[in-house]
Every structure is written in C-alpha cells, then in structure tokens.
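In what follows, a structure is listed as structure tokens, so that the remarks can point back to it.
Please treat every number below as a calculation from the coordinates, not as lab data. This is a predicted model, so every value here is computed, not measured. Cβ sites come from the backbone with ideal geometry, for glycine too, and all protein chains shown count toward neighbours.
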Ligand code: 1PR
C-alpha cells in the first residue's frame, strides 16, 4: 500500500517543469512526422518552434487539476500490461487508459509499458496519432516512465525486423544482443545495473538485481550521454535506464522486480524530495542464476483446482482411492514462494492437453489473482494449441496465449504442440510461420515463449542404434548400457515421439522459442538431483536460456547443476511444496558456493 503522501503538483510547477526541457541541450533528432494523421502538421510546427507547444498541444492549466491519484497508462494492447496495472494499484493509484492522443497530452503522469515488437508498436502509435502526442508530452518534460520497449521507442530507430524509425527523442539505434560471444539471447533474468547519474527513481536499487527480458538494447554514446542514468553489462554495456528531468525510462521491468522494482515505481509516482535514500546493501554484480518454483496444477476428482506433484509424472496417490495428490492452493502457494524470494513462478496446467484451457476458467482466475500480489515473472503452460470446441468454434493457439497474457502471464510455455511443430520443421525444413510457437513469438516476441520439453531416457548399447543424438552417460543404464538418447514425449509423458530432446531444442530455437524448460521424466519427483548429462547436452546446444528441471532434492543439487552445466535457471516443485527445502535455503547455499543469485 501507499506509504508516502501523493505529490501535489500545481499547474505553475508543471509549467515550470515544461520550460525545463527547452533549457536542456536538445537531442540530435526529434520526432519525425510519421503519420498523415490530423496532428501531424501541428506536430511539425511544434518541432519547428523548438519544443514550444503549438496551440494544438498546449495543455491548459485545467488539465493538471486531474486527480492526483490517477496514473495514465498507454496500453496499445500488444501484451501483458496486467502486471504494471497491478503494481500501480498495489501502490495506491487508479489507472486511466489512453484512448486518444489528447489523453496523453492531458495526463498528469504517464506510464508507457511497451510490450511486443518495435515495428507494430510504432505502427499503432503512428496510426493513432499517439507518436506525436508522446513526443510533445516528453518534450514538455512532463512525468513519464517508459518500460522496456517503452524505453527503446524513444530512440531514433531499431534494427528489430528493421530498420524501423522510432520517436527519435534520444540519439541512438536499438540493436540486437550479439549471441556469438557466448551470451545467451534473449537476456532474461535478474541483472545488476551501474547507476551513472542521479536518477531519483533508482535511489533504492543500490546493488540489487532487477529483472530484464529482452533481445534488443540501446548502447550509450557521446550523443546520448545526457540521457543515460544507468547501464548494465551483458556482453556489452547497454543502457538500463535514461532520465532527463521528469522523463524516465527503464529497460528492466520494475513491475516484475519484486520489492526493489516496486520502489522504483513508488519513487516515480511519489517524486517527493522528502523520501530519503535508503542505503540498501546488496551484492549484485552480474546476471544471477534464477531459482524457479513450479506449480503443476490440475483439477482433482472433486473438481477443485489443486497444486499436485508427480513421481515420474504419475500424480495419483498409490492408495485404494488413487486420488490426485493435493499439495495446496495455487494462488496461496504462488504468494508464499514470492515472499520466499523465488525469482519466477511457473504454472503448468498439466491436463491442458485434454481440457481446453479457455474452458478451464479457474486456471485463468488463478493467474489473475496470483498476479495481483506476485511481482516476479509468471509463466503459464498447458494446452497452448489450436482448438475447435464442441460448437465448432475455432480458437487459434494465439488466442489461447493472448488470454493467458491478458490474465497475467509474462511468458507462456508450450509442450506438446512444440514437439509436433519441430517434427514438421525437421521433416520439411520449411518454417511455415503457422505453428503456435512461430505465431506467438512473432506477436509477443520470442522472450515471451518458453518451450517445455518432457524427455524420457532411452538407453542404448551402441549410439549407432538410433538416428537421434545420443551421449555417453555418467551412470550406465539398468543393463549396463553406456549410451542414452532422450526421447521427447507429448500429452504429459503419455506418448513417445520420433524426435530427441537435442533435435527438438535446436529446432524450436530456430522456430522462435526464447527459452527452454528442460524436464526429465526419469528424474521427476525423485529428489536425486537433476539429469546433468541431459542439461549439459541441451544447454551447450542452444544459445537461448535453459531452465534445468526435475529431480531437485537438496540445495546441493542446485549448485551442482549451475557449476556443471550452462543452465541459466533451475526449477523445483516437490521440495518446495513439501517444505523440505525452502527457497531461501537454496539461495543461501548458492551464495555460499560462490554462485550469484538475487537476494
Ligand atoms: O503439452 O503444452 O499441454 O503442456 C503440458 C505441460 O504440463 C508441459 O509443460 C508438461 O511438462 C507438464 N506436465 C504434463 N503432465 C505432467 C505430469 O506431471 N503428469 N508436469 C506435467 C510436468 C514436470 C515439472 C516438475 C519438475 C520438477 N511436471 O514441471 O515440476 O519435474 O519436479 P520436482 O522438483 O518435484 O522433481 P502441453
């Protein structure tokens, strides 16, 4: 809840703030007149007048009399801004959605949580006349916070499916991270930032990690030095935030960065000089290894949605009643793991392969409620595929994913459908663009698409016995077999497919997956440690992040997987649900083992 008094910014103060911008050295380029919309001519005039607003953009004093507790949100409908909404509400503010360019011009404080890809975002802004309004608003030095793409769009252009022109307020070109130097792209996870100038909203970050998820970034240069307020090092030194006067933008996601992120939003919403800088000791220096709590969710025989947990994917109790194991309520457990310091939470709708998820409204409710109080990334999977219901109504996988995003998911995870797509791709060598994986990553960006792999070990005497990638195993099979291939399965491990985990991982990376959740049916629920051979194989084969999953039984298993493989994150379920090992114990152990984690 709100802890500080809301600022009382009167019209004269705002006007003074507006004149501040014109005193600053101007950016090399300014907003070009992209659209032929009705605001364009006034917009050009506005810029010729060196940021002195034309009549069309003059904001009357009455505009500032809007309720102090309202935040104007620019949501152009391309992804999950539910978390930003939730965070704003959590901090005690109401939200007014931008419907017209005038709403931008009349805003008292504007948050722009850019989501999706650069080109479609610019397209929408141009077509609706909002690009010009945004430039005008920013040039008047009015309170603005851009998030992620909302930072990138301020630059001159982006190479994302481009070049595509941006708003042109900050000199520089947004480019893709270079994965050839060993850094995994997308840049996903909790990273450290270096604050380069007083930026007020970053005052509480100190040496703490904040959450990034992106494949493109802008680089600092002499031309944009006056804007840059912090940088992050990931292969190269990229811009983590900018600030000029009342205009702020961050590449990371404050709404997903836990308490530290909420403090960034709080400082933007309550820019009171009275809020003292909190000296916050931290240890962040680089991208942290993530610890993820996973909730396998399904309806039990009584019709309640429960968190369950299998042994090698068998989730039923071995009793006469044979009921579905019930380990708790999904929203409660998610909230608990958030408080415990889990870096991410995954919900897997494990019967999604047979129950259509949009018919499974309780799962959507779970997401909606969980995202109200959980400010770290939420992934949801299960049942993402094209579907025709009993009335003959067709739903595309994109619609299913969109509903998940709208309900609070930051990433969606595809299991079975990705296997079919990869098989088809390997057979034809043609990217049809029609698979769920391709469609969703095209619209929401590949950082929003996880592929969940459910492989099972198939032991071999001789690697030549199979056409798929096999490896020599550390522990021989039951009959002394020295080799293994990892057969992919669909429908919750019920059906083996003619494709290996190695082939699948490489294919889905090409098709647009941004991350791999790597399970292992043999290890699931066994508590004997991760399948190091498998995780090493896959994390060496792809350049997208790999989440190690299945088998965690002790904190040592986490340090083992991080020190012996290139996994970016490790996920566990059973040990957390049964409270055998809480999340903080894992983190403390990793820190003591010299492995950087978020604290
Ligand atoms: O195929 O797109 O509908 O997606 C279904 C999703 O549900 C897939 O991600 C698949 O992995 C998952 N799933 C299906 N059936 C089960 C099952 O258990 N019967 N769960 C299932 C997968 C594996 C992990 C588990 C780890 C860690 N569960 O998510 O949480 O193995 O467990 P541990 O730490 O206790 O060892 P689609």
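Odds and ends about this structure:
- Per-residue packing, averaged as other Cβ atoms within 10 Å, sorts the ranges 478-491, 318-331 into the order 478-491, 318-331, beginning with the highest.
- Relative to the longest principal axis of the Cα atoms of the chain, the long axis of helix 330-340 makes an angle of roughly 70 degrees.
- Sorted by Cβ neighbour density within 10 Å, fewest at the top, the residues 187, 577: 577, 187
- Size descriptor for the chain, Kirkwood hydrodynamic radius: 25.0 Å (Cα pairs only, one decimal).
- Put simply, the C-alpha atoms of the range 418-523 give a gyration tensor, and the ellipsoid matching it has half-axes of 28, 14, 11 Å, longest first.
- Exposure proxy order (Cβ contacts within 10 Å, fewest to most) of 155, 183: 183, 155
- Two numbers describe the Cα atoms of the range 191-316: Rg and Dmax, which are 19.5, 64 Å.
- Placing a pseudo-label 7 Å from each Cα along the Cα-to-Cβ vector at residue 466 and residue 194 gives an inter-label distance of 4.6 nm.
- For the peptides 110-116, 440-446, the ranking by mean Cβ contacts within 10 Å, running from highest to lowest, is 110-116, 440-446.
- Taking 7 Å steps out from each Cα toward its Cβ at residue 475 and residue 459 produces label points 1.1 nm apart.
- Protection proxy ranking, highest mean first, for peptides 190-196, 585-591, 511-517: 511-517, 190-196, 585-591, where packing is the per-residue count of other beta-carbon atoms within 10 Å, averaged.
- Relative to the longest principal axis of the Cα atoms of the chain, the long axis of helix 416-428 lies at roughly 90 degrees.
- Cα gyration tensor, the range 140-212 - rounded (a/c under 1.5), prolate or oblate: oblate
- For the range 356-411, diffusion coefficient by Stokes-Einstein and Kirkwood Rh (Cα), 37 °C, 0.692 mPa s, µm²/s: 282
- For the range 145-177 versus the range 509-528, the gap between their alpha-carbon centres in whole angstrom: 33
- Alpha-carbon centroid distance for the pair the range 293-355 / the range 401-417, whole angstrom: 17
- The simple Förster model, with R0 at 22 Å and r as the Cβ-Cβ distance, assigns residue 219 and residue 123 a FRET efficiency of 0.35.
- Compared with the dominant principal axis of the Cα atoms in the chain, helix 583-592 is inclined by about 90°.
- Long-range tail of P(r) for the range 451-599 (Cα pairs > 21 Å, %): 44
- Cα gyration tensor shape of the range 86-220, rounded if a/c is under 1.5, else prolate or oblate by comparing a/b with b/c: oblate
- Here's the picture: a label point sits 7 Å out from the Cα of residue 179 along the beta-carbon direction, and within the range 525-553 the residues with their amide nitrogen under 18 Å of it are 535-548.
- Here the gap between residue 355 and residue 585, fully extended at 0.36 nm per residue and compared with their Cα-Cα distance, gives a gain of 79.2 nm.
- Whole-number D in µm² s⁻¹ for the range 345-468, Kirkwood Cα-pair radius fed into Stokes-Einstein, 20 °C, 1.002 mPa s: 137
- Prolate/oblate/rounded call for the range 189-242, Cα gyration tensor, a/c under 1.5 rounded: oblate
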